[in-house]
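Engineer: The structure under discussion is supplied below as C-alpha cells; questions concerning it will follow.
The values are calculated or read from the model by the stated rules, or taken from the named source; none is laboratory data. Note that this is a predicted model, so its numbers are computed, not measured. Cβ placement follows ideal geometry from the backbone for every residue including glycine, while neighbour counts extend to all protein chains displayed.
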Amino acid sequence: MMFKTISQNATIVISLMLREIITRYGRRGLGFLWLIGEPLLFTGAVILLWSFIKAPYQHGIRLAPFVMTGYMALIMFRHMVSYSMGAISGNLGLLFHQKIKILHVYLARFFLELGGTTLAFLIVYAVLMAFGQVTWPIDPLLLYYGWISLFILSIGIALVVSALAMEFDVVERIVPVLMYAVLPFSGAFTMAAWLPAKYREIYLAVPIPHTVEMMRAAIFGEFVETHYDPLYPLFWGGLLAVLGLIMISRAKEHIDAD
C-alpha cells in the first residue's frame, strides 16, 4: 500500500513537471532545453564578462570555477523563489482534482528547477574541466551535500514567500527587489574568509553562504579557507518549510473563499 501511494504521488509530480515545461517553454523551438540553457547562458555570460574585467585569480582561486559555484547556486535559489509565487494561482483549477494536492504542485516546480540547474551545473563543470580550469572535486560528497542543502533551504524560503504572495499582492512586486538586496549575502560573489573577522559572523548569520562555502570547500580543498556550519542551512530550511506549509494552508482557505 505504501509503495502504491509513493508511486501514485511520483506519477502526479512527474506529470505536473511535464505540464509545467510545456506551459513555460512551449512545444516548439528549443522547448524544454531552455530549462538547462537559461542557467547555462547566464553563467557563461558572467564568466565571460568577468574574464575581461577581472584578474584570472581571485584571492588565489581561479575565476571561472569561483563564478560557477556562486552563480549556479544563486540561479537555483532565485528561480525556486520566483517561480513558486504563482504556483497555486496558476494551477488552482488542478486542485479540484481529488488526487492533486498543493504539495504536488510545489514539488513539481521545485524538482524541475533542481533538475535544470543541476544539469547546467554539470555541463559547465565538464567544460571547465576540459579547459583545465577546475579539477575533479576533492570531496564529491560535500559538494552534493552543499547543493542539496541549498535546495532544501530554497524550498523553505520559497514556501514562505509563496504563502505571503497568496495573501498580499504587493509581495510579488517586492520580492524581485529583495532578490537584489540578497546578492551581497548570497555567497555568490564573495567568500567568508575575505571579510574582516568582525563582519564575518554577521555575514554567516545568513544561511545561504554556508551552502556555497561547502561547495567551494569540496571543489578547492583545504588550501582555500572556508567557513560553514553543515547543519545551519538544513535547520533553517526545515523550519521555514514547515512554517511555509502552515501559512499556505491558511492562505488557500482565503483563495477558496474568494
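Engineer: Which of the following residues is at negative phi and over 19 Å from the mean Cα position of the chain (by Cα): Trp194, Trp147?
Structural biologist: Only one candidate passes the filter, namely Trp194.
Engineer: I'd like to check something: does the stretch 62-81 contain any residue that is crowded, with 18+ Cβ neighbours inside 10 Å and touching a strand residue (DSSP E or B) at 6+ places or on another chain (Cβ under 8 Å)?
Structural biologist: Within the stretch 62-81 (the criterion being crowded, with 18+ Cβ neighbours inside 10 Å and touching a strand residue (DSSP E or B) at 6+ places or on another chain (Cβ under 8 Å)), the answer is yes, since at least one residue qualifies.
Residues checked against (1) surrounded by 19 or more Cβ atoms within 10 Å (Cβ to Cβ); (2) at pLDDT below 90; (3) aliphatic (A, V, I, L, M):
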residue	(1), (2), (3)
Ile88	yes, yes, yes
Leu95	no, yes, yes
Lys101	no, yes, no
Ala126	no, no, yes
Gly132	no, yes, no
Ile148	no, no, yes
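Engineer: Among the residues of the stretch 189-213, write down those that are among the β-branched types (Val, Ile, Thr) and either over 14 Å from Thr69 (Cβ atoms) or touching a helix residue (DSSP H, G or I) at 6+ places or on another chain (Cβ under 7 Å) (or both).
Structural biologist: Answer for the stretch 189-213, where residues must be among the β-branched types (Val, Ile, Thr) and either over 14 Å from Thr69 (Cβ atoms) or touching a helix residue (DSSP H, G or I) at 6+ places or on another chain (Cβ under 7 Å) (or both): Ile202, Val206, Ile208, Thr211, Val212.
Engineer: Taking the condition modelled with pLDDT under 85 and part of a helix (DSSP H, G or I), does Met215 pass?
Structural biologist: For Met215, the condition - modelled with pLDDT under 85 and part of a helix (DSSP H, G or I) - is not met.
Engineer: Continuing with this model, one more query. Would you tally the residues in the stretch 95-140 being under 24 Å from Ile36 (Cβ atoms) and either basic (Lys, Arg) or under 21 Å from the mean Cα position of the chain (by Cα) (or both)?
Structural biologist: Total meeting the criteria: 25.
Engineer: Taking the condition of being modelled with pLDDT under 75 and either exposed (fewer than 12 other Cβ atoms within 10 Å of the Cβ) or more than 20 Å from Met76 (Cα to Cα) (or both), how many residues in the stretch 1-38 meet it?
Structural biologist: 11
Engineer: Hey, another quick one. Please note which helices (runs of 4 or more DSSP H) are completely contained in the stretch 116-211 and include at least 2 residues that are in contact (Cβ under 8 Å) with a residue 24 or more places away in the chain and hydroxyl-bearing (Ser, Thr, Tyr). Let's see the steps before the verdict.
Structural biologist: On the way: elements: 140-167, 171-182, 197-204.
Per the criteria, 140-167.
Engineer: May I pose another question? If you take the residues of the stretch 218-253 that are in contact with a Pro (Cβ under 6 Å, 6 or more places away or on another chain) and not aromatic (Phe, Trp, Tyr), which of them is farthest from Val206 (Cα to Cα)?
Structural biologist: So, considering only residues that are in contact with a Pro (Cβ under 6 Å, 6 or more places away or on another chain) and not aromatic (Phe, Trp, Tyr), the one farthest from Val206 (Cα to Cα) is Ile219.
Engineer: Let me ask another. Tell me which residues, restricted to the stretch 176-188, are touching a helix residue (DSSP H, G or I) at 6+ places or on another chain (Cβ under 7 Å) and buried (at least 16 other Cβ atoms within 10 Å of the Cβ).
Structural biologist: Passing the criteria: Phe185, Ser186, Gly187, Ala188.
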